[in-house]
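The values are calculated or read from the model by the stated rules, or taken from the named source; none is laboratory data. Fair warning: this is a prediction, and the values are worked out from it, not measured in the lab. Methodologically, a virtual Cβ is constructed for each residue, glycine included, from the backbone with ideal geometry; neighbour enumeration extends over all protein chains shown. We work out accessible area using only protein heavy atoms, side chains counted, and drop any ligands, DNA or RNA first. Shrake-Rupley method; radii C 1.70, N 1.55, O 1.52, S 1.80 Å.
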Amino acid sequence: MAITKPFRIKTISYYHQAMGLPKPDHPLISVIDFETVKDASRHKPTSLVFDFYSISLKRNFNAKIKYGQQQYDFNEGVMFFIAPGQVFGIEREEGKEPSHSGWLLLVHPDFLWNTPLAKTIKKYEYFDYSVHEALFLSEKEEAMIINTMQSIDQEYRSNIDKFSQDVIIAHLELLLTYSERFYNRQFITRKIANHKTLDKLEDILNEYFNSNDIALKGLPSVQHIANLLNVSPNYLSSLLKVLTGQSTQQHIHAKLIEKAKEKLSTTRLTVGEIAYELGFEHPQSFSKLFKTKTKLSPLEFRQTFN
């Protein structure tokens, strides 16, 4: 089957042109009310990639967004975030006129140049979440996001002066911080689903560490664990940090130390043999990690049982 090359949109101006919108007031940033996008149905690339950041708040969207190999139906107000270079697709429902509402903020990386946000924007891990890990907003939260987007819109449409970029950057940082806060709230309020994820994580780690996989393949990667849980690596680590205070990698290491303590206290295997069984090529690497996590060397830990 032929692979369709993604349709690349390099500039915000070209996006406006493709969507049948007026020329943007600013070439590097734009706030779009989706109800003004009238001609998008004529443009049907199956796969898209932007060279700029996209922050969407969508409602009643009668199409499917495909992103991160997942599909999501937008039938209520949700946000999702796409960084430059990420591929996504839009699939219209057959026989239905395009219909959706909401807001879209587009920011070209060049707009952030020479500002602290140029670097700190990369700390917001939700730009790497899959679309099925979208942010669900309450009415109050949605109003706060829309108000912030409209403040950005108002500022860049006003007379540009030497303070304009700083004001817009401040509003953008506020929007990103709100989004991070609302994601943390979502992790906490969706306790049942999230605790099921924790239970599945524990089952996966137990199965892996009790099999021969660890000796043959080494420690499981965060990507491998995330794939088994059907979530993106960044989403999984963000979820675990909020619920447990530990990242996915720290959970993997905690399970490793648990198994190492079991072997050191119940078997006569040498430290080198235990290191090999736990997937380490070099015993020194195992001993270093063990001491970092327990403040004792493997031999010192074993001696506490003699």
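Some values worked out for this structure:
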quantity: Filter result for ILE169 (hydrophobic (A, V, I, L, M, F, W, C), surrounded by 17 or more Cβ atoms within 10 Å (Cβ to Cβ) and touching a His at 6+ places or on another chain (Cβ under 9 Å)); calculated: no
quantity: Test: residue in region 133-142 that is open to solvent by less than 60 Å² (accessible area, probe 1.4 Å), in contact (Cβ under 8 Å) with a residue 24 or more places away in the chain, touching a Pro at 6+ places or on another chain (Cβ under 6 Å) and farther than 30 Å from ASP110 by Cβ; calculated: no
quantity: Residue in region 116-125 that is open to solvent by 30 Å² or more (accessible area, probe 1.4 Å), touching a helix residue (DSSP H, G or I) at 6+ places or on another chain (Cβ under 8 Å) and modelled with pLDDT under 90 present; calculated: no
quantity: Pick from region 144-169, criterion in a helix (DSSP H, G or I) and more than 25 Å from LYS122 (Cα to Cα), ranking: modelled with the highest pLDDT; calculated: GLN154
quantity: Considering residues of region 257-306 that are of a type in the set (Phe, Trp, Tyr) and under 18 Å from ALA215 (Cα atoms) only, the residue surrounded by the fewest Cβ atoms within 10 Å (Cβ to Cβ); calculated: TYR276
quantity: Residues located in region 267-283, provided they are free of Cβ contacts under 8 Å to residues at least 24 places away in the same chain and under 18 Å from ASN206 (Cα atoms); calculated: ALA275
quantity: Residue that is modelled with the lowest pLDDT, among those in region 231-256 that are within 13 Å of the chain's Cα centre (by Cα) and open to solvent by 20 Å² or more (accessible area, probe 1.4 Å); calculated: VAL231
